Ligand SMILES: [Zn+2]
């Protein structure tokens, strides 16, 4: 395990960081040139985070972290694709991260585009179509469970995406069983900056 930290300790430290951020008490750790220079020989991030590309969701700020702390993959609507799975697998296998977070967020444009596609058959014909195609199943699954408002669908989408990572990357399933990694699906609120866990595996 990296840094001798358990998945739970990593998750707790990131929750603490989010608390500092929302409480206007961010410490902006590990943000100096000195820290960057110390990392020249290699990186040992504690977690890999798949989040939305939305400019209001800068992951390092949200968790009050800095250089070398987080391995971050961002796509619109935190949608998965082969390169995304490959990036996450690299972080798990080669960097030994102890935690995977899939971070959805409030007022996600990609999720609302998928809702529009379902409700009004407005399906993009350009390159953005792929985003909608990847999110539509989350809209449908959320509604079957009774989650109909955008926030519920955003949360369900993060949860389903985390589930896909666990099932498609055998190394994640194996390490979960060994207690060497944790997985968290979470929802970040733009209104107050808070990250709320939606579903967790191996951590609480
Ligand atoms: Zn978004």
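We did not get these values from a lab; they are worked out from the coordinates using the rules stated. The model shown is predicted, which means the values in this text are computed figures rather than measured ones. Methodologically, a virtual Cβ is constructed for each residue, glycine included, from the backbone with ideal geometry; neighbour enumeration extends over all protein chains shown.
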Place a point 7 Å from Cα of residue 144 in the direction of its Cβ. Which residues in segment 151-184 have their backbone N less than 14 Å from it?
157, 160
Place the peptides 100-112, 55-67 in order of packing, highest mean first, counting for every residue the other Cβ atoms within 10 Å and averaging per peptide.
100-112, 55-67
Place a point 7 Å from Cα of residue 61 in the direction of its Cβ. Which residues in segment 100-121 have their backbone N less than 15 Å from it?
106
Using a 10 angstrom cutoff on alpha carbons, build the Gaussian network for the chain and name the most mobile of 30, 167, 120.
120
Angle in degrees between helix 7-22 and the longest Cα principal axis of the chain, rounded to the nearest 10:
80
Kindly express, to the nearest 10 degrees and within the range 0 to 90, the angle between helix 109-120's C-alpha long axis and the longest C-alpha principal axis of the chain.
20
Obtain the nm distance between the two label points defined at residue 122 and residue 96 by a simple spin-label model: each point lies 7 Å from its Cα along the Cα-to-C-beta direction.
5.0
The helix 129-144 Cα axis meets the longest alpha-carbon principal axis of the chain at an angle in degrees, between 0 and 90 and rounded to 10, of 80
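Cα convex hull of segment 2-201: mean projected area in nm², to one decimal? Don't skip to the end; give the middle numbers.
Values: hull surface 46.5 nm².
One quarter of the hull surface, i.e. the mean projection, equals 11.6 nm².
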Backbone N under 19 Å from the residue 166 label point (7 Å along Cα→Cβ), restricted to segment 35-54
47-51
The chain, relative contact order in percent, only Cα pairs under 8 angstrom and at least six apart counted:
24
Listed residues 97, 171, 72, most fluctuating in the chain (Gaussian network, C-alpha, under 10 Å)
171
Roughly how many nanometres apart are two label points built 7 Å out from the Cα toward the Cβ at residue 130 and residue 199?
2.5
